[in-house]
Amino acid sequence: GALPAQRFWGAASMESHLTMLLLLLLLPLQHFGNCEGTSKPHSTLPMHFTQAHYNATVYENSAAKTYIGHPVKMGIYITDSLWDIKYKIISGDTENLFKAEEHVLGDFCFLRIRTKGGNTAILNREVKDHYILTVKAIEKNTNVEARAKVRVQVLDTNDLRPLFSPTSYSVSLPENTALRTSVARVSATDADIGTNGEFYYSFKDRTDMFAIHPTSGIIVLTGRL
């Protein structure tokens, strides 16, 4: 009567041994699987800028270390806590006017571009009104790279005076020239744009003999010769 029980116990014991062997086999596989997963943390999401092209502005004659303005944030989202990102301008700045900097805040590595200091050239809109900079981001641990272009528009300031062309005028008038007669017209230009390029004509010294139109530059006779 006890034999069937022994057989049942033997079958149960065999089953438990098989279960233990399976568990022992599974544990190393899980262990190696986890190691493989953590050895490649950088391959899950590629590093990339939020946009391929950015637009930014800066005023001409800006002081050294002036940061350019931009309507959207520029940079890269940090999807791996081990990333160490550095930015560098690799083309578009032949005059060595700009410097790229990185600033990490939370999960974002901001790209900030500023004017350089020292003896570098001054931004001059009348000479060059925009720059297209290529910025390279490099992740120092894996050497993974990403690139973006930043178009920097140089904004105008009222830094130029109007210039006469020619710089001197000579007019001969007969004595009987009628009053209100147009006797000459002067011309000047200003290389600034918009309201910064607007100007008005006037005489340096007050006179009752002549009058000048403030916008056309026409000079008329207002007194008897």
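Worth a mention:
- In this entry, Arg206 is excluded by the filter for residues that are open to solvent by 30 Å² or more (accessible area, probe 1.4 Å) and touching a residue at least 24 places away in the same chain (Cβ under 8 Å).
- Checking Ile132 against (1) in a loop (DSSP other than H, G, I, E, B); (2) farther than 23 Å from Asn158 by Cα; (3) open to solvent by 30 Å² or more (accessible area, probe 1.4 Å), the condition it does not meet: (1)
- Candidate set from segment 74-86 (those that are at pLDDT 95 or above and open to solvent by 70 Å² or more (accessible area, probe 1.4 Å)); member that is farthest from Asp192 (Cα to Cα): Tyr77
- Taken over segment 43-73, the criterion of being among the hydrophobic types (A, V, I, L, M, F, W, C), modelled with pLDDT of 95 or more and open to solvent by 30 Å² or more (accessible area, probe 1.4 Å) is satisfied by Ala52 alone.
- Among the residues of segment 167-199, the ones that are in contact with a Pro (Cβ under 8 Å, 6 or more places away or on another chain) and either modelled with pLDDT of 90 or more or not in a loop (DSSP other than H, G, I, E, B) (or both) come to 2 in all.
- Residue count, segment 90-101 (criterion: without any contact (Cβ under 8 Å) to a residue 40 or more places away in the chain, open to solvent by less than 60 Å² (accessible area, probe 1.4 Å) and charged (D, E, K, R)): 1
- Filter result (β-branched (Val, Ile, Thr) and more than 16 Å from Val127 (Cα to Cα)) within segment 155-188: Thr167, Val171, Thr177, Thr181, Val183, Val186
Residue by residue, here is whether (1) within 33 Å of the chain's Cα centre (by Cα); (2) hydroxyl-bearing (Ser, Thr, Tyr) holds:
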position	(1), (2)
His103	yes, no
Thr115	yes, yes
His130	yes, no
Arg151	yes, no
Thr157	yes, yes
Ser165	no, yes
Leu179	no, no
Thr189	yes, yes
Gly197	yes, no
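- Within segment 67-93, being of a type in the set (Ser, Thr, Tyr), assigned to a loop (DSSP other than H, G, I, E, B) and out of contact with any Ser or Thr (no Cβ under 9 Å at 6 or more places or on another chain) holds for one residue alone: Ser81.
- Residue check, Leu123 hydrophobic (A, V, I, L, M, F, W, C) and loosely packed, with under 13 Cβ neighbours inside 10 Å: no
- Residue list for segment 69-99, filter: β-branched (Val, Ile, Thr) and out of contact with any Lys or Arg (no Cβ under 9 Å at 6 or more places or on another chain): Val72, Ile76, Ile78, Thr79, Thr94
- Residues in segment 146-170 that are free of Cβ contacts under 8 Å to residues at least 40 places away in the same chain and open to solvent by 60 Å² or more (accessible area, probe 1.4 Å): Asn158, Leu160, Arg161, Leu163, Phe164, Ser165, Pro166, Thr167, Ser168, Tyr169, Ser170.
The values are calculated or read from the model by the stated rules, or taken from the named source; none is laboratory data. Keep in mind it's a predicted model, so treat the numbers as computed, not measured. No Cβ is skipped: glycine too gets one built from the backbone with ideal geometry, and neighbour counts run over all protein chains shown. Heavy atoms of the whole protein, side chains included, go into the accessibility calculation; ligands, DNA and RNA do not. Shrake-Rupley method; radii C 1.70, N 1.55, O 1.52, S 1.80 Å.
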